[in-house]
Amino acid sequence: MKKQTLFSKITIIVMVALLAIVMTGCVAAMPVEPVVVEIEEPVVSEPTLRDLQNGKPFIYVGNLFAHPTIKMMMLGFWDACKDYDVDCKFIVDPGAAESDWIAANEKAIAYGTSGIDGSGYIGFRQSTLQAAAAGIPVIGNHANLPPEDTSDVTGLIAWIGPSAELYGADVAVAMKEATNCGSPVIVTQSSFNTTEDAANKGFVDKYSEICPDAVILPVEQEGLEPLEAMNKVSAIITAHPDLKGAFGTTGGSINAWGKALQQAGKKPGEVILIGMDATGENIDMVKAGYAYAIVNQPVYEENYLAVEILIAHLKGEPYEYENPLSSEIIKADGLEALEVLAQRSLTDLPKE
Amino acid sequence: MAHRQLQTRTGMELVKAYLRKPSTGVFLVLVILTALFQSGNPDFLSQANIEAILRSMSYVGIIAIGMGLCLMSGVIDLSVGATSALASVLFSKAMVEWGWSLPVAVLSAMLAGAFVGLVNAYVIIRLKVPPFIATIATQFMVRGLALAWTRGFIVYPLPNGIGNIGMLKPLGVSVGFCIFLAVAVGAWFLLNKTVFGLELKATGSDYEIAKLTEVRYILVHVVLLMLVGVLASVSGVLLSFVLNGGTPNVGTGWEFAAITACAIGGVSLSGYEGSIEGIIFGLLAIYALQNGVVVIGVSVFMQNVVIGIVLLVAVVLDVRRRKYLNLEGL
């Protein structure tokens, strides 16, 4: 009995073991549904613009740091940087010489940058080509380049600028309206550069066309130092006491002319003065009647667009090489919007 | 006959005595220029243009008077233009942003100029740095300070019509010219009627010998460097009145305009020789020249060429004059 019991136990164990083996085999042989394990795919997010910049900011490169028009340009650049959340920096030299601008550009190249908002002036071309050779995309601001100045020639990925010749012509039309084809009239420039030369040409060509009998005096150079400019303008007023109109092609012209006219005892409106840029001093001179109108170059828009193009370049998106912008001639009744921008250029730029 | 010979000799002596004056050469140049420009345009000597020339020269003129005294004492200050900028900015900030009264704002600007002069004096006298290098260094520092302080912005506008002061014409000429005249008279008195004037010339004549005498050579240089700093500040403030604000790019190149006026006015860049009237003639010559080339219609592309040639001729004539009178080395 005992032996049977032991045998029975062994049999049961063997059978259970066999059953387990068979069942395991059957289960293994059974066709089964594939087991789907849901694995979360890694989130591949778009790289931010700052990622694309790789720690290298866009840099606004310039000179004439104290010039109010430059402040407006810097503001346009800075606003775009904030709006698109990109890393940006200013390298702006206080000097007025071309060498000062070139030194600033070289600093930017040495600093490391993912794009330069620089100048399109021909005097800076070698320095621009140097940046391009280093693989840095450069925008040429404030210059309206001729068709032969292609990207290969300039080293720029794009240029942005008002057509100075066009606004020069617009000033001629405004001058004709205000002076009834007054004569003589004169153009004064801060220096001889691409933009001011083109503005001068636009004015002279148009005024000659619409006022064929008018005398247009030879261009004079004001310089950039305020006293120097006033002295030069005073001499012009002496030489031409019958002067009817003046077009100053630089941001300091209105102040220099306005002060010189006041000191010469001229009444507001006696000489029709049109100049550039909506700075606080210029706006006040229009309000006082010594200046007739301001040519509002789109300097803010130029540099805002420069950042947008640099971003497009960074992302590999298309953009235009040629970006001509139009300017407006603003008289006393249209100053309000300009005042806001002029004020912002005093308050909204970074402290450093 | 003997009487006639005596008269001739006396006449020659008079001419020689006149030629010995450092201002003679530039005065003759000024007369010639005036005649040329007047023949080119009769408006050159109009009241309005004379006013314009006098007004133009007054800002640099105030500095040139101080610079002339420095040069006569054997020291030079190239930081004056930058000091004008700093004073312009400081004065305007004091008026516009801090609400200081006009006298306090003007005084603070003048003190800033004096301080820059004191720093120059310390670096030149105590640290033995040549004046040319020392004041170029302070020029960079001071203009940089003005720029950093304003972040390049114009400080504008001055309150309550204070800017109108720049347009006033007491005695028929600008405020700036009135102050220039006062400074010139004061400097003439200092140079010609005081012991300090004698010490100034002695220091400029030979610094090493001055050290061996009782001449207060250190005091002379400290006072003059502080004085030219104060005068640069006065110019900066005066231009702020006209501009109705302060800007850090005021005064760019003023130091060279002042030195040029002194040089062609007969002030020796190596010290001792010079006069206040010579500096005034030098200023008149430069500003009449800059004005005249425009008034008679010289092409803008040739104006600097003409100005350069005339200045060179003026200096060569002065060199010839010195050689003729055996004045080299003075």
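Coordinate-derived values only; no laboratory data. As the structure is a prediction and not an experimental result, all values here were calculated from the model. Here the Cβ positions follow ideal geometry from the backbone for every residue, glycine too, while neighbour counts run over all protein chains shown.
Just counting partner chain Cβ atoms within 10 Å, what average do the residues of peptide B:49-57 show around their Cβ?
Mean inter-chain Cβ contacts per residue within 10 Å come to 5.
Just to confirm my numbers, what's the Cα centroid distance between region A:255-315 and region B:16-65 in Å?
Comparing the Cα centres of region A:255-315 and region B:16-65, I get a distance of 35 Å.
Once a ≥ b ≥ c are taken as the square roots of the eigenvalues of the Cα gyration tensor of chain A, is the result rounded (a/c under 1.5), prolate (a/b larger than b/c) or oblate (a/b not larger than b/c)?
prolate
Looking at the calculated P(r) for region B:18-85, what percent of the C-alpha pair distances fall above 14 Å?
Numbers: 1659 of 2278 pairs.
For region B:18-85, the fraction of Cα-Cα distances above 14 Å is 73 percent.
If each of B:L269 and B:D206 carries a label point 7 Å out from its Cα toward its Cβ, how far apart are those two points in nm?
2.4
Taking a temperature of 25 °C and a viscosity of 0.890 mPa s, what whole-number D in µm²/s does Stokes-Einstein yield for region A:237-352 with Rh from Kirkwood over alpha carbon pairs? Intermediate results must be reported in sequence, preceding the final value.
On the way: Rh = 16.0 Å.
For these conditions, the coefficient is 153 µm²/s.
Express as a percent, rounded to the nearest 5, the fraction of DSSP beta bridges in the protein assembly as shown (both residues included) that run antiparallel.
That works out to approximately 15 percent antiparallel.
If you take the beta carbon distance between A:D51 and B:I136 as r and set R0 to 35 Å, what does 1/(1 + (r/R0)^6) give as a FRET efficiency, to the nearest 0.05?
0.15
Compute a Gaussian network model of chain A, connecting alpha carbons closer than 10 Å, and tell me which residue from A:V307, A:V219, A:V138 fluctuates the most.
A:V219
Given a Förster radius of 30 Å and the C-beta distance between B:V319 and B:T10 as r, what FRET efficiency does 1/(1 + (r/R0)^6) yield to the nearest 0.05?
Computed FRET efficiency for B:V319 and B:T10: 0.65.
What is the distance, in nm, between label points placed 7 Å from the Cα along the Cα-to-Cβ direction at B:I218 and at B:N164?
According to this spin-label approximation, the distance is 5.1 nm.
Work from the charge dipole of region B:53-155 (Cβ charges, +1 for Lys and Arg, -1 for Asp and Glu, about the Cα centre) and give the residue of B:L127, B:G66, B:I53 farthest towards its positive end.
Value: B:L127.
Work out the mean other chain Cβ neighbour count within 10 Å for the residues of A:217-225 and drop it here as an integer.
3
Evaluate the relative contact order of region A:165-296 (contact order divided by residue number), counting alpha-carbon pairs under 8 angstrom at least 6 apart; express in whole percent.
So the answer I get is 25 percent.
Starting from the Cα of A:A110, step 7 Å toward the Cβ, then list every residue of region A:128-161 with an amide N under 19 Å from that point.
What the label zone holds, given the 19 Å backbone N cut-off, is A:128-136.
Evaluate the distance, in nm, between pseudo-label points positioned 7 Å from the Cα of A:S326 and of B:T194 along their respective Cα→Cβ axes.
It is 6.6 nm.
Report, in whole Å, the centroid distance computed from the Cα atoms of region A:107-180 and region B:126-192.
One Cα centre to the other: 37 Å.
Using Cα pairs closer than 8 Å and at least 6 residues apart in sequence, work out the relative contact order for region A:98-160, in percent.
33
Per q in 0.10 1/Å, what log10 I(q)/I(0) does a Debye calculation on the alpha-carbon atoms of region A:165-296 return?
Computed log10 I(q)/I(0) values: -0.25.
Jot down the per residue volume, in cubic angstrom and as a whole number, of the convex hull over the alpha-carbon atoms of region B:205-294.
Spelled out: Cα convex hull of region B:205-294, divided by residues, is 121 Å³.
When only Cα pairs under 8 Å and 6 or more residues apart are kept, what is the percent relative contact order across region B:29-324?
35
As I understand it, the value is the acute angle between the Cα axis of helix A:194-210 and the longest principal axis of the Cα atoms of chain A; what does it come to in degrees, rounded to 10?
Once rounded, one gets 50 degrees.
When the helix-only estimate is applied to the protein assembly as shown (DSSP H runs of n ≥ 4, each -39,500 (n - 2.57), divided by the residue count), what is the mean residue ellipticity at 222 nm, nearest 500 deg cm²/dmol? Walk me through the numbers before you get to the answer.
On the way: 26 runs with 408 residues, N = 682.
The helix-only estimate for the protein assembly as shown comes to -20000 deg cm²/dmol at 222 nm.
Using the Cβ atoms and a cut-off under 13 Å, what net charge is assigned to the surroundings of B:I65, where Lys and Arg are +1 and Asp and Glu are -1?
Taking every other residue near B:I65 into account, the sum is -2.
Could you tell me which of the pairs A:K201/A:K331; A:K176/A:K244; A:K176/A:K206; A:K107/A:K315; A:K267/B:K169 are separated by over 20 angstrom between their Cα atoms in the structure shown?
Beyond 20 Å: A:K201/A:K331; A:K107/A:K315.
If you bin the C-alpha pair distances of the protein assembly as shown every 10 Å from 0, what whole percents do you get?
For the protein assembly as shown, the binned pair fractions read 3, 13, 21, 21, 16, 9, 4, 2, 2, 2, 2, 2, 2, 1, 0, 0, 0, 0, 0 percent.
Compute the acute angle (0 to 90°) between the alpha-carbon long axis of helix B:276-295 and the principal axis of greatest extent of the alpha-carbon atoms of chain B; round to the nearest 10°.
The angle comes out near 80 degrees.
Can you tell me the alpha carbon radius of gyration of region B:29-324 divided by the globular rule-of-thumb value 2.2 N^0.38 Å?
Here the Cα radius of gyration is 1.00 times the empirical estimate.
When Cβ neighbours within 10 Å are restricted to other protein chains, what is their mean count per residue of peptide A:238-248?
Details: counts 14, 11, 5, 4, 0, 0, 0, 0, 0, 0, 0.
The mean count of partner-chain Cβ atoms within 10 Å per residue comes to 3.
What FRET efficiency comes out for A:T347 versus A:D85 if R0 is 22 angstrom and r is the Cβ-Cβ distance? Round to the nearest 0.05.
0.55
How far is helix A:164-179 tilted, in degrees, relative to the longest principal axis of the Cα atoms in chain A, given as a value from 0 to 90 rounded to the nearest 10?
Helix A:164-179 sits roughly 40 degrees off the main axis of chain A.
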